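Each value in this text was obtained by applying a stated rule to the coordinates, not by laboratory testing. Since we're looking at a predicted model, the values are computed, not measured. Ideal geometry is used to build each Cβ from the backbone, glycine not excepted, and the neighbour counts take in all protein chains shown.
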Amino acid sequence: MTVTPGGTTHRKTLRWQNARVVAVRDETPRAKTFRLALPEPRVHVAGQYYVLRLTAPDGYTAQRSYSVASAPDETGEIELTVEKLDDGEVSEFLHDVVQPGDELEVRGPIGGFFAWAGDTPALLVGGGSGVVPLMAMLREGRRSGRRDLVRLLVSARTPADLYYADELPGPETTVVWTREAPPGTTRPVGRLTVDDVAPLVTGDQVVYVCGSPAFADAATAVLEQAGVPVGAIRVERFGPSG
């Protein structure tokens, strides 16, 4: 499939299709990754998302948007990482009911502003589950052999809360612990500071910030203090929608 310039949404992405769940794995005690096989493969751009819809027997529907965590490829499979939210009608169903072999209704990929094509320098700053679309960018940089273009800074509360803990570490990544750090960590626990960000700023990057509204606002302020122009910062905020 031909991807539209800048990763903008194509009319085909607005059509629903039934994706088969081929694998489910735990990321943290409250987050799972679902690998889906699409009957009509659509190559996404790192940073884009899919809308997932559940339909009850009485016709009631609920839908939520989830960022793609996997790198773009031609396999026809994508990965969505979903945090389980208390009383979240969609996230609780996915965590408690969905198993490999089930089908889920999705449409996408969608989005252009927060998409990274993989050919320009990028600084990625994520908090908690906000690391999901940034992980797609990191994976794309590694997959394409352009690790030099990507730097990822992740803020996590504790080691148990870190998404993709086995895969994330590398020379391109830095983790900031805000409440509890693993043994041997030299940086004191605490929120993101300009000292964390400044060494990663090169002046030619587009900066992608993803997390809760509070994290996104705080990270943006820190980036500006580090000398990043406002026009170079792209922000994606999320809230607990279930």
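Fewest first, what order do Thr186, Thr202 take by the number of other Cβ atoms within 10 Å?
Thr186, Thr202
Where both residues lie in the chain, what percent of DSSP beta bridges are antiparallel, nearest 5? Present the calculation step by step, with values, prior to reporting the outcome.
On the way: 31 of 52 bridges.
Taking every DSSP beta bridge within the chain, about 60 percent pair in antiparallel fashion.
Post the alpha-carbon centroid distance, the range 94-122 to the range 9-61, in whole angstrom.
A separation of 6 Å, based on Cα centres.
How big is D, in µm² s⁻¹, for the chain by Stokes-Einstein at 37 °C and 0.692 mPa s if Rh is the Kirkwood radius over C-alpha pairs?
Reported coefficient: 179 µm²/s.
Return one number: the angle in degrees, 0 to 90 and rounded to the nearest 10, between the long axis of the Cα atoms of helix 131-143 and the longest principal axis of the Cα atoms of the chain.
80 degrees
Counting other beta carbons within 10 Å of each residue's own, what order do Phe34, Phe114 fall into, fewest first? Before the final figure, lay out each step's value.
Details: Phe34 24, Phe114 21.
Fewest-to-most ranking of Phe34, Phe114: Phe114, Phe34.
With a cap of 11 neighbouring Cβ atoms within 10 Å, and only residues DSSP puts in a loop, list the trypsin sites (Lys or Arg not before Pro) found in the range 176-240.
Loop-located and lightly packed - Arg179.
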